[in-house]
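Everything on this sheet refers to the single structure shown next.
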Amino acid sequence: MDQNEKHELLLYRLLNLDQNVRFAAISDKDGNLLARAVRPDLQTILTPDETKNFMKWTSEAWNLRRAHHPKLGMELYNISVFEKVRRATFALGDDRLVLATIDNKGGMMQILDKILNLVLYKDYTHD
């Protein structure tokens, strides 16, 4: 299975973790979008260009916080809370980020736990 197929599989699994996961994307450490997926019954809130810009900004912020990892430990995730959605970013190894957009309908901690279990603790490349 090549890297693109692994990314697609992870995104598929993310969208199927919970009905409130609207969107998922993977970027490299520089914020370049590598893969994206949208729940089939929904439309994205941001345009593709806005999403690319958001990923760049998210990556820059993540990289700035990495300077504190030696003292604080590895950053597991970061959440941005907006009126309409929440966006959570997770490390995928040392060189990629996963972004998940989640509806504000509740169950946020349970959803985050599911995503952490998938992204950090489960080998999603094998079924």
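FYI, it's all coordinate maths here, none of it is from the lab. Small disclaimer: the values here were computed from a predicted structure and weren't measured. Cβ coordinates were reconstructed from backbone atoms using ideal geometry, including for glycine residues, and neighbour counts include every protein chain displayed.
Quick one: would you say residue 101 is under 23 Å from residue 6 (Cβ atoms), of a type in the set (Ser, Thr, Tyr), under 13 Å from the mean Cα position of the chain (by Cα) and assigned to a strand (DSSP E or B)? Spelling it out, residue 101 is indeed under 23 Å from residue 6 (Cβ atoms), of a type in the set (Ser, Thr, Tyr), under 13 Å from the mean Cα position of the chain (by Cα) and assigned to a strand (DSSP E or B).
Just so you know, in the stretch 57-96 the residues that are farther than 19 Å from residue 34 by Cβ and among the acidic types (Asp, Glu) include one that is surrounded by the most Cβ atoms within 10 Å (Cβ to Cβ), and it is 75. Only residues that are farther than 20 Å from residue 74 by Cα and of a type in the set (A, V, I, L, M, F, W, C) were counted across the stretch 101-110, and they come to 2.
Each row is one residue, and each column tells you yes or no for (1) touching a Gly at 6+ places or on another chain (Cβ under 8 Å); (2) among the hydroxyl-bearing types (Ser, Thr, Tyr).
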| position | (1), (2) |
| --- | --- |
| 29 | no, no |
| 44 | no, yes |
| 48 | no, no |
| 53 | no, no |
| 58 | yes, yes |
| 65 | no, no |
| 82 | no, no |
| 85 | no, no |
| 96 | no, no |
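The single condition among (1) over 14 Å from residue 119 (Cα atoms); (2) in contact with a helix residue (DSSP H, G or I) (Cβ under 7 Å, 6 or more places away or on another chain) that residue 19 does not satisfy is (2).
Whenever a residue of the stretch 50-61 is in contact (Cβ under 8 Å) with a residue 12 or more places away in the chain and assigned to a helix (DSSP H, G or I), its partners that are surrounded by 13 or more Cβ atoms within 10 Å (Cβ to Cβ) and aromatic (Phe, Trp, Tyr), lying with C-beta atoms within less than 9 angstrom and at least six residues away or across chains, give the pairs 51/23.
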